[in-house]
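Below: the structure, in structure tokens.
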Amino acid sequence: MSPLVLIALALITYVSRAVAVVLLPRPSARFETILSRIPAPIFASLATATLLGDGGALASGPTLAASAGALLLSPARSLLLCLIGGAVGYAAGALLS
Amino acid sequence: MVVRALPAAAAVAVFGSLYGAAARGFLGVPLTLASSLLVYSGALQFALVALLGAGATTLPLLLTAGVLNLRHLVLGAALRSRFESGPLRRALLAFFLADETFGFAIAAGNAAEPRAVGAATERTLLYSGLTLYVAWLVGTVVGLVGGGLAAVEGLAGALFPVLFIGLAALAATRRSHVVRAVAAALLTAAVALLLPDLRMLAPVVAGVVVALPGGDR
């Protein structure tokens, strides 16, 4: 891969990041309401995507246990508690597998 | 804010080292380092290594970059409504837009007083972005010089779903958000199983699809 291709890739990536942030006007109230609903579903989807590999293969046992630990503590709505739940789950999963 | 991003930074550094070690054989040291400096996108950079390993030419590389980066449009639009600064500052902040930094920024905005949402969101995007950027670069250099962090790859890999679950919990400020989050997770799982080629796009598509209908409760 040449340096020019790398620069093109960097430009594509930066423009994709900047186009909405820089060029989009402040959204209308209706659009803003819809946008405010997006983050939680996206994060839930990203979590799911990281747990499923090619062909729907599940992640390792400790990773699944870590996710279960975080999910269990998610009603507390604290990132720290989710991380603690994940760490405990991972340790338990590693011990059992 | 930097402290809150440290667990994610540690995981990013581990994956940066794996990227540095994997990319070195295809790109050489200068281009591998330049790719992390200029592109700063783990998903895209790992995809590039895989494509180069399969002998891909320039066009597939550029198309892959376009497709993988589509999600930034949605993340950027969701952040735009919270930003209050001018276009130059927003252009600088945009460089640090990634899945994780988006999550930290949204969570900080949700936790802030109504009149401080913009400042909290922008400050968090900048600081968490810088933290993860430095971690990605350090990890890449470690991988390039042959330092292996592969021993903790499993632990680092487990951190991402845990982090995203925590960020989803923080972002779900209403009961309807929780319902939409569960629906999006199920939709993503269905896409991953039935249309595996679209797996990388599924999170953003599912996030948008479930956000459109109905009202908020």
Tell me whether the stretch A:67-80 contains one or more residues that are crowded, with 21+ Cβ neighbours inside 10 Å, under 17 Å from B:Val182 (Cα atoms) and of a type in the set (D, E, K, R).
no
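Please pick out the residue among A:Ser45, A:Ser2, A:Ser36, A:Ser60 that is within 30 Å of B:Gly28 (Cα to Cα) and hydroxyl-bearing (Ser, Thr, Tyr). Before the answer, list the steps.
Details: A:Ser45 fails: within 30 Å of B:Gly28 (Cα to Cα); A:Ser36 fails: within 30 Å of B:Gly28 (Cα to Cα); A:Ser60 fails: within 30 Å of B:Gly28 (Cα to Cα).
That would be A:Ser2, the only listed residue that is within 30 Å of B:Gly28 (Cα to Cα) and hydroxyl-bearing (Ser, Thr, Tyr).
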Under 7 Å between Cβ atoms, at least 6 apart or on separate chains: pull out the pairs that start in the stretch A:33-56 with a residue that is at the interface with another protein chain (Cβ under 7 Å from one of its Cβ atoms) and within 17 Å of B:Gly157 (Cα to Cα) and end on any residue that is outside any helix (DSSP H, G or I) and open to solvent by 20 Å² or more (accessible area, probe 1.4 Å).
A:Ala49/B:Arg199; A:Leu51/A:Leu58; A:Leu51/A:Ala59; A:Leu52/A:Leu58
In the stretch B:193-206, how many are assigned to a helix (DSSP H, G or I), buried (at least 18 other Cβ atoms within 10 Å of the Cβ) and either at the interface with another protein chain (Cβ under 7 Å from one of its Cβ atoms) or touching a strand residue (DSSP E or B) at 6+ places or on another chain (Cβ under 6 Å) (or both)?
4
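Within the stretch B:159-201, can you find the residues that are polar (S, T, N, Q) and within 12 Å of A:Leu52 (Cβ to Cβ)? Walk me through how you get there before you give the answer.
The first filter runs over the stretch B:159-201 and keeps only residues polar (S, T, N, Q), leaving B:173, B:176, B:188.
B:Thr188 - this is the single residue of the stretch B:159-201 that is polar (S, T, N, Q) and within 12 Å of A:Leu52 (Cβ to Cβ).
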Where A:Gly61 falls short, out of the listed (1) in contact with a Ser or Thr (Cβ under 9 Å, 6 or more places away or on another chain); (2) at the interface with chain B (Cβ under 8 Å from one of its Cβ atoms):
(2)
Looking at the stretch A:28-43, is at least one residue over 22 Å from B:Gly129 (Cα atoms) and modelled with pLDDT of 90 or more?
no
I'm trying to understand the selection: among the residues of the stretch B:164-217, which are under 23 Å from B:Leu44 (Cβ atoms) and of a type in the set (D, E, K, R)?
B:Asp197, B:Arg199
Only unsatisfied item for A:Leu11, checking (1) of a type in the set (A, V, I, L, M, F, W, C); (2) closer than 29 Å to B:Leu27 by Cβ; (3) facing chain B (nearest Cβ under 8 Å), is (3)
Residues that are farther than 21 Å from B:Leu68 by Cβ, under 21 Å from the mean Cα position of the chain (by Cα) and in contact (Cβ under 8 Å) with a residue 60 or more places away in the chain: does the stretch B:179-198 have at least one?
no
Residue identified as in contact with an Asp or Glu (Cβ under 8 Å, 6 or more places away or on another chain), open to solvent by less than 50 Å² (accessible area, probe 1.4 Å) and of a type in the set (A, V, I, L, M) among A:Leu35, A:Leu52, A:Leu46, A:Leu9
A:Leu46
Suppose we filter B:Ala190, B:Ala168, B:Ala185 for residues that are facing chain A (nearest Cβ under 7 Å) and farther than 17 Å from B:Ala98 by Cβ; which single one remains?
B:Ala185
Can you confirm whether the stretch A:13-32 contains a residue that is of a type in the set (Lys, Arg), in contact with a helix residue (DSSP H, G or I) (Cβ under 9 Å, 6 or more places away or on another chain) and open to solvent by less than 60 Å² (accessible area, probe 1.4 Å)?
yes
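The values are calculated or read from the model by the stated rules, or taken from the named source; none is laboratory data. Just so we're clear, the structure is a prediction, and the values are computed from it rather than from any experiment. Here Cβ is always computed from backbone atoms with ideal geometry, including for glycine, and neighbour counts include all displayed protein chains. Only protein heavy atoms, including side chains, enter the accessible area calculation; ligands, DNA and RNA are left aside. Shrake-Rupley method; radii C 1.70, N 1.55, O 1.52, S 1.80 Å.
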